[in-house]
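> Mind looking over this structure? Questions follow.
The values are calculated or read from the model by the stated rules, or taken from the named source; none is laboratory data. On a predicted model such as this, the values are computed, not experimentally measured, just so you know. As a convention, Cβ positions derive from the backbone with ideal geometry for all residues, glycine included, and neighbour counts pool all protein chains shown.
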Amino acid sequence: MVVGTIIGASIFVQPSEITRQMPSVGGIIGAWIAAGLLTLCGALVCAELASAFPRTGGVYVFLKEAFSPAAGFLWGWAMFWSMHTGIIAAIAVVFARYTAHFVPLDDAGLRVVAVGVILLLSAVNYLGVKHAGIVQSVFTAAKLAAIAAIIVAGAAWSGDQPMVVTAAVATAAPTFEGFALAIAAGLFAYGGWHMVTYAAGETKDPARTIPRALVIGTVIVTVCYGGLNAIYLRVLPLDVVRASTRVAADAADVLLGGGGASLMAALVMVSTFGAVNGIILAGPRVYYSMAEDGLIFRWLGAVHPRFGTPHLAIATQAVVASVLAATNTYAALFSRVIYTEWIFFAALAGGLLLLRRRPDYRPAYRLPGFPAVPVVFILASLSIVVMQIRAVPADSVIGLGVVLAGLPVYFLWARRARA
């Protein structure tokens, strides 16, 4: 689930953002690896917290235990209205766009396919976590096999592709700001690593299984990302990688000839299908946990008597994500709010620092390198927030406002629950 959720479409479509920030091949690969290591820091933080609180809800539970129910509620609020449902819609739209490579689709057709994949995978998850797990395993294995094939083919490639760069690029020296921006772009491509913690309540031996999944899954993704980018840079000129919006397809065209684009379109479809499934599986577990705590409608915590799933939460999530995909409203909403999850990630690591000081805190797993690992992750998370605010201050304020709008809702709901 960790691997399948992280590896969506970004690594195949547009790793050019990092390439634009870094003037050298070594710097580009270094930025991807650094982003992977920082993601591992976050995964280690989550691993310890998951071993201490192996309950359904993941990040929501961790924030609630470390700070207050209000902090957890704001995470769930942002997830439901934008962060989680928005990313389901966004990746479903990417799936539809690559479907159009094989079947001509107009704008209405793209939206129908996007909504269709959301409803199909929501139905699979509705019928049981076992069914969703099988889909996740099959599609994750398929994408990993395809990635391995691309890396092997690229390593064996005997073509002579010169590294063509402009004079400005050839003489440019990497800057600290450029490297930081490149790492920030890479961190977004590693997004989703925390979602496995949402389903802790349905995981066998979660205190042991989830930390292992987080660490091993993050390492696998880092190896895949580093290997793919090394192949892109081996077979394509640096300027082409920098300018391309379909770098994986361009690399496949070089390696395989004219059929490369179709192969990559199929791979992106497989990858996004698996990613949407994992994200659909994860989200309702948070809403279920919030309902159990009385912070949202109790019916969202209902468990299907036969399938054992939070079926009403799954159905509600499917409706919201489908509306966002059908109306194309996810784009503005998601882009404005997604950066705010890094505020929560920084709070998550800060919460670990606080929890370590409590005498009753007894995690089954303790991350190595404490307190350096959480401190480094806090600094990285806050750096992303600062850079986002500097880049688009108006949208950033709107996004933060959407999240903070949940506070009065929380206080009203908490008062109602006490009444």
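> Working carefully through the options ALA364, ALA349, ALA318, find the one that is buried (at least 22 other Cβ atoms within 10 Å of the Cβ), in contact (Cβ under 8 Å) with a residue 40 or more places away in the chain, small (Gly, Ala, Ser) and over 23 Å from LEU121 (Cβ atoms).
From the options ALA364, ALA349, ALA318, the qualifying one is ALA349.
> Take the residues of the stretch 321-336 that are of a type in the set (Gly, Ala, Ser) and either touching a strand residue (DSSP E or B) at 6+ places or on another chain (Cβ under 8 Å) or surrounded by fewer than 20 Cβ atoms within 10 Å (Cβ to Cβ) (or both): which is nearest to LEU110 (Cα to Cα)?
The selected residue is ALA326.
> Select the helices (runs of 4 or more DSSP H) contained entirely in the stretch 309-376, then report the ones holding at least 1 residues which are hydroxyl-bearing (Ser, Thr, Tyr) and within 23 Å of TYR198 (Cβ to Cβ).
311-327, 330-337
> Follow-up. In the stretch 91-108, what residues are surrounded by 14 or more Cβ atoms within 10 Å (Cβ to Cβ) and farther than 17 Å from ARG246 by Cβ?
ALA92, LEU105
> Sticking with this structure for a sec: Based on what the data block shows, is ALA252 buried (at least 23 other Cβ atoms within 10 Å of the Cβ) and farther than 18 Å from VAL61 by Cβ?
Considered against the rule, which asks whether it is buried (at least 23 other Cβ atoms within 10 Å of the Cβ) and farther than 18 Å from VAL61 by Cβ, ALA252 comes out as yes.
> Then there's this: Tell me, which residue of the stretch 187-218 that is β-branched (Val, Ile, Thr) and surrounded by fewer than 17 Cβ atoms within 10 Å (Cβ to Cβ) is modelled with the lowest pLDDT?
THR209
> Hey, another quick one. Residues in the stretch 7-21 that are out of contact with any Cys (no Cβ under 9 Å at 6 or more places or on another chain), among the hydrophobic types (A, V, I, L, M, F, W, C) and either crowded, with 24+ Cβ neighbours inside 10 Å or more than 18 Å from PHE95 (Cα to Cα) (or both): how many?
Final tally of qualifying residues: 2.
> Here's a follow-up. Would you check which residues across the stretch 283-315 are closer than 19 Å to ALA92 by Cβ, among the hydrophobic types (A, V, I, L, M, F, W, C) and crowded, with 24+ Cβ neighbours inside 10 Å and list them?
Once the filter is applied, which keeps residues that are closer than 19 Å to ALA92 by Cβ, among the hydrophobic types (A, V, I, L, M, F, W, C) and crowded, with 24+ Cβ neighbours inside 10 Å, the stretch 283-315 yields ALA313, ILE314.
> Is it true that LEU353 is over 21 Å from the mean Cα position of the chain (by Cα), under 27 Å from LEU214 (Cα atoms) and of a type outside the set (Asp, Glu)?
Against the criterion (over 21 Å from the mean Cα position of the chain (by Cα), under 27 Å from LEU214 (Cα atoms) and of a type outside the set (Asp, Glu)), LEU353 qualifies.
Residues checked against (1) touching a helix residue (DSSP H, G or I) at 6+ places or on another chain (Cβ under 6 Å); (2) in contact (Cβ under 8 Å) with a residue 24 or more places away in the chain; (3) under 25 Å from ALA50 (Cα atoms):
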residue	(1), (2), (3)
ASP205	no, no, yes
ARG208	no, yes, yes
GLY217	yes, yes, yes
GLY226	yes, yes, no
VAL241	yes, yes, no
ASP250	no, no, no
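> Taking into account only those residues within the stretch 352-361 that are in contact (Cβ under 8 Å) with a residue 24 or more places away in the chain and out of contact with any Asp or Glu (no Cβ under 7 Å at 6 or more places or on another chain), which is surrounded by the most Cβ atoms within 10 Å (Cβ to Cβ)?
Going through the qualifying residues, I end up with LEU355.
> Search the stretch 118-146 for residues that are farther than 20 Å from ALA265 by Cα and in contact (Cβ under 8 Å) with a residue 60 or more places away in the chain and pair each with any residue that is among the β-branched types (Val, Ile, Thr) and outside any helix (DSSP H, G or I) when their beta-carbon atoms are under 9 Å apart and the residues are at least 6 apart or on different chains.
ASN125/THR309; TYR126/THR309; LEU127/THR309; GLY128/THR309; VAL129/THR309; ALA132/THR309
> Condition test on SER262, is it over 30 Å from ARG415 (Cα atoms) and surrounded by fewer than 20 Cβ atoms within 10 Å (Cβ to Cβ)?
When the stated conditions are applied, SER262 passes them.
> What residue, among those in the stretch 373-387 that are farther than 18 Å from LEU214 by Cβ and surrounded by fewer than 21 Cβ atoms within 10 Å (Cβ to Cβ), is modelled with the lowest pLDDT?
MET387
> If you don't mind, there's one more thing I want to ask. Of the residues VAL138, VAL129, which single one is closer than 24 Å to ALA200 by Cβ, surrounded by fewer than 16 Cβ atoms within 10 Å (Cβ to Cβ) and at pLDDT 70 or above?
VAL138
> Report every pair of residues separated by at least 6 positions or lying on different chains whose Cβ atoms are under 7 Å apart, first residue within the stretch 25-39 and closer than 15 Å to VAL241 by Cβ and in contact (Cβ under 8 Å) with a residue 60 or more places away in the chain, second β-branched (Val, Ile, Thr) and part of a helix (DSSP H, G or I).
ILE28/ILE18; ILE28/THR19; ALA31/ILE18; ALA31/ILE183; TRP32/ILE18
> While we're here: Return the residues of the stretch 1-52 that are modelled with pLDDT under 90, polar (S, T, N, Q) and part of a helix (DSSP H, G or I); say none if nothing qualifies.
Correct list: SER10, SER16, THR19, GLN21.
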